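Take a look at the structure below.
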Amino acid sequence: MSALFNFQSLLLVILLVICTCTYVRGIMPRLIDRNKEGFLGLFWMSARIGALAN
């Protein structure tokens, strides 16, 4: 079963994306900050959410 069809696995994937984006932004901020719009903007938003949770 795919992780997208199982609610608990979907939440886990979303949490991992948020944590990964926050970590990458801490190491290389320009990589995340230059993509604020479009599909890659989701990674920028995830990094911002992770920074607020810290």
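What the table below lists for this structure:
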{"read-out": "Residues of the chain: accessible area per residue with a 1.4 Å probe, Å²", "value": "84 Å²"}
{"read-out": "Cβ-defined net charge surrounding residue 17, 15 Å radius [Lys, Arg +1; Asp, Glu -1]", "value": "+2"}
{"read-out": "DSSP-assigned coil residues among chymotrypsin sites (Phe, Trp or Tyr not before Pro) in the chain, each with at most 14 further Cβ atoms within 10 Å", "value": "5, 39"}
{"read-out": "Folded to 0 to 90 degrees: helix 7-27 orientation relative to the chain principal axis, Cα", "value": "20 degrees"}
{"read-out": "Cβ-defined net charge surrounding residue 48, 11 Å radius [Lys, Arg +1; Asp, Glu -1]", "value": "+1"}
{"read-out": "Cα Rg, Dmax, the chain, angstrom units", "value": "12.0, 36"}
{"read-out": "Low-density loop positions, trypsin sites (Lys or Arg not before Pro), region 1-42 - DSSP coil, at most 14 other Cβ in 10 Å", "value": "34, 36"}
{"read-out": "Angle in degrees between helix 41-53 and the longest Cα principal axis of the chain, rounded to the nearest 10", "value": "90 degrees"}
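The values are calculated or read from the model by the stated rules, or taken from the named source; none is laboratory data. Please read all numbers here as calculations on a predicted model, not as lab measurements. Note that each Cβ is placed from the backbone with ideal geometry, even for glycine, and that neighbours are counted across all protein chains shown. With ligands, DNA and RNA removed, areas are computed over all heavy atoms of the protein, side chains included. Shrake-Rupley method; radii C 1.70, N 1.55, O 1.52, S 1.80 Å.
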